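Visitor: The structure follows.
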Amino acid sequence: MNTAVPRTEDAGDIARARPADALGTSAAQARSAVLEELIRKDPGRFRVLTGDRPTGRLHLGHYFGTLHNRVRLQELGVELFVIIADYQVLTDRDVADNLLQHVEELVLDYLAIGVDPARSTIFTHGAVPALNQLMLPFLSLVSVSELNRNPTVKDEIAHSRQSAVSGLMFTYPVHQAADILFCKANLVPVGQDQLPHLELTRTIARRFNDRYGAGSTVFPQPDALLSSAPLLLGTDGTKMSKSRNNAITLAATADETARLVKGAKTDSERHISYDPVTRPEVSSLLLLAALCQGRSPEQVAAEIGSAGAAVLKKVVTESVNEYLAPVRVRRAEYGRDRAHLRAVLSEGNERARAVADATLAEVRAAMNTCY
Ligand code: TRP
């Protein structure tokens, strides 16, 4: 497999021109539009790495937020690596007992939505030793105060249900840099919360090249591809999240979906209109139906009009169930063939190991540590 991915142009100048507290969000948005154009013209120059923590089944928020975009990139001809972050998940949850099950659920979700293991690599970072070894030199390139400043980590620590902050929690963004750089990915589709991690990855790549590259580029500085997907709320009107029990999973049955939507929060105004600011719950339901139908939420709202929330919920349920029907059929089929599931994972891990071994060899040569 080709590990020498050409670099894309540097976005750092734009990002650095912004105040640090904005984290370059608008710069990343502008850059993402440029990247989309480059992807359409020449998908072969991009290698994408993205992934998830194995915390259970994926839901519609994940789907319209990122999963859908991965398959889109794959279909455009971009090379795709999907990491199941089985070490990262140890930072914040007590999932160790169910880790294998969670990992398999993720593989099932990926296959069901159309990630094609013949073209894309699905792997767990725990199974790729050379990837993890990269974390050590990378750790030497960042300061404790830099790690301390990471707003996403700060936020996670603030919301963590654990009594003490583990060393892994503190350093996982460096591990994530290894996830990205081991395969020299040059494109990382992310939500806003991941931008600080990507900025750190870019810093690490730059510092490694400066310190050990002897004038050549060992690591590309990957670009963030910011998702333009609108945010879907959970059925209670707060952020859709598995831990809040307000999420419709891809794997839910049609009946479970109907029940969840039926219980969804709306408001007391009978006439249905799309207004995300003043009517967030109703608007999120409209958005969900619209995404499934491939239409605008305004159109869906106009059609329902004064028929009220009961009809809105009926439309949402039908739209989601129709949209997800083929995904659910495929998921059930793959779910009956555990051997295939394990084969997908072990082949992905093998591919990832080959790439990681090549990169580590290069890193050792650059660091003059080939003994
Ligand atoms: N931190 C990501 C999440 O919580 C998962 C992840 C791990 C990831 N390694 C990554 C995402 C590398 C992008 C690139 O969803």
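The values are calculated or read from the model by the stated rules, or taken from the named source; none is laboratory data. Being a predicted model, the structure only gives us computed values, none of them experimental. Heads up, the Cβs are rebuilt from the backbone with ideal geometry, glycines too, and the neighbour counts pull from every protein chain shown. Areas reflect the complete protein model, heavy atoms only, side chains present, ligands, DNA and RNA absent. Shrake-Rupley method; radii C 1.70, N 1.55, O 1.52, S 1.80 Å.
Visitor: Collect the residues in region 156-168 that are surrounded by 12 or more Cβ atoms within 10 Å (Cβ to Cβ), away from the ligand (no atom under 12 Å from the Cβ) and closer than 26 Å to PRO189 by Cβ, keeping them in residue-number order.
Guide: Listed by number, the residues that qualify are ILE157, SER160, LEU168.
Visitor: Quick check on my filter: what residues within region 55-69 are more than 11 Å from the ligand (Cβ to nearest atom) and surrounded by fewer than 22 Cβ atoms within 10 Å (Cβ to Cβ)?
Guide: GLY56, ARG57, PHE64, HIS68, ASN69
Visitor: Filter region 126-141 for residues that are part of a loop (DSSP other than H, G, I, E, B) and crowded, with 18+ Cβ neighbours inside 10 Å; which is farthest from the ligand (Cβ to nearest atom)?
Guide: Top of the filtered list is LEU141.
Visitor: Could you list, in sequence order, all residues of region 207-228 that are part of a helix (DSSP H, G or I) and open to solvent by 70 Å² or more (accessible area, probe 1.4 Å)?
Guide: Scanning region 207-228 gives ARG207, ASP210, ARG211.
Visitor: Also: Take LYS242 and tell me if it is more than 30 Å from TYR274 (Cα to Cα) and either at pLDDT below 95 or within 20 Å of the chain's Cα centre (by Cα) (or both).
Guide: So LYS242 does not fit the description; no.
Visitor: Just checking, does region 54-72 include any residue being over 16 Å from THR249 (Cα atoms) and without any contact (Cβ under 8 Å) to a residue 60 or more places away in the chain?
Guide: yes
Visitor: What residue, among those in region 234-255 that are assigned to a helix (DSSP H, G or I) and over 13 Å from HIS59 (Cα atoms), is least open to solvent (accessible area, probe 1.4 Å)?
Guide: Top of the filtered list is ALA254.
Visitor: Go through region 256-281 residue by residue and tally those that are out of contact with any helix residue (DSSP H, G or I) (no Cβ under 7 Å at 6 or more places or on another chain) and either buried (at least 18 other Cβ atoms within 10 Å of the Cβ) or in contact (Cβ under 8 Å) with a residue 24 or more places away in the chain (or both).
Guide: Number of matching residues: 5.
Visitor: Shifting gears a bit: Would you confirm whether or not region 216-227 contains a residue that is touching a Lys or Arg at 6+ places or on another chain (Cβ under 6 Å) and either within 16 Å of the ligand (Cβ to nearest atom) or of a type outside the set (A, V, I, L, M, F, W, C) (or both)?
Guide: Yes, there is a match, as at least one residue in region 216-227 is touching a Lys or Arg at 6+ places or on another chain (Cβ under 6 Å) and either within 16 Å of the ligand (Cβ to nearest atom) or of a type outside the set (A, V, I, L, M, F, W, C) (or both).
Visitor: Going by the structure shown, is LEU108 on the phi < 0 side of the Ramachandran plot, in contact with a helix residue (DSSP H, G or I) (Cβ under 8 Å, 6 or more places away or on another chain), open to solvent by less than 10 Å² (accessible area, probe 1.4 Å) and at pLDDT 95 or above?
Guide: The answer is yes for LEU108.
Quick grid of which residues meet (1) farther than 26 Å from ALA325 by Cα; (2) out of contact with any Phe, Trp or Tyr (no Cβ under 6 Å at 6 or more places or on another chain); (3) hydrophobic (A, V, I, L, M, F, W, C):
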| site | (1), (2), (3) |
| --- | --- |
| HIS68 | no, yes, no |
| VAL71 | no, yes, yes |
| THR91 | yes, no, no |
| ASN98 | yes, yes, no |
| VAL103 | no, yes, yes |
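Visitor: For region 111-125, what are the residues that are open to solvent by 20 Å² or more (accessible area, probe 1.4 Å) and touching a residue at least 40 places away in the same chain (Cβ under 8 Å)?
Guide: GLY114, ASP116, PRO117, ARG119
Visitor: Checking the structure you have, find out if any residue of region 250-260 is within 13 Å of the ligand (Cβ to nearest atom) and of a type in the set (Lys, Arg).
Guide: So far as region 250-260 goes, no, none of its residues is within 13 Å of the ligand (Cβ to nearest atom) and of a type in the set (Lys, Arg).
Visitor: Looking at region 36-52, is at least one residue open to solvent by 30 Å² or more (accessible area, probe 1.4 Å) and among the hydroxyl-bearing types (Ser, Thr, Tyr)?
Guide: Scanning region 36-52, I find no residue that is open to solvent by 30 Å² or more (accessible area, probe 1.4 Å) and among the hydroxyl-bearing types (Ser, Thr, Tyr), so the answer is no.
Visitor: Follow-up. On the given criteria, is LEU291 modelled with pLDDT of 95 or more, of a type in the set (A, V, I, L, M) and within 15 Å of PHE64 (Cα to Cα)?
Guide: It is true that LEU291 is modelled with pLDDT of 95 or more, of a type in the set (A, V, I, L, M) and within 15 Å of PHE64 (Cα to Cα).
Visitor: Starting from region 158-187, keep only residues that are within 12 Å of THR359 (Cβ to Cβ) and in a helix (DSSP H, G or I), then list their pairs with residues that are more than 11 Å from the ligand (Cβ to nearest atom) and open to solvent by 10 Å² or more (accessible area, probe 1.4 Å) whose Cβ atoms are within a distance under 8 Å, requiring at least 6 positions of separation or different chains.
Guide: The qualifying pairs are ALA178/ASN132; ALA178/MET135.
Visitor: Does region 74-96 hold any residues that are acidic (Asp, Glu), more than 15 Å from VAL188 (Cα to Cα) and either buried (at least 18 other Cβ atoms within 10 Å of the Cβ) or modelled with pLDDT of 90 or more (or both), and which are they?
Guide: GLU75, ASP86, ASP92
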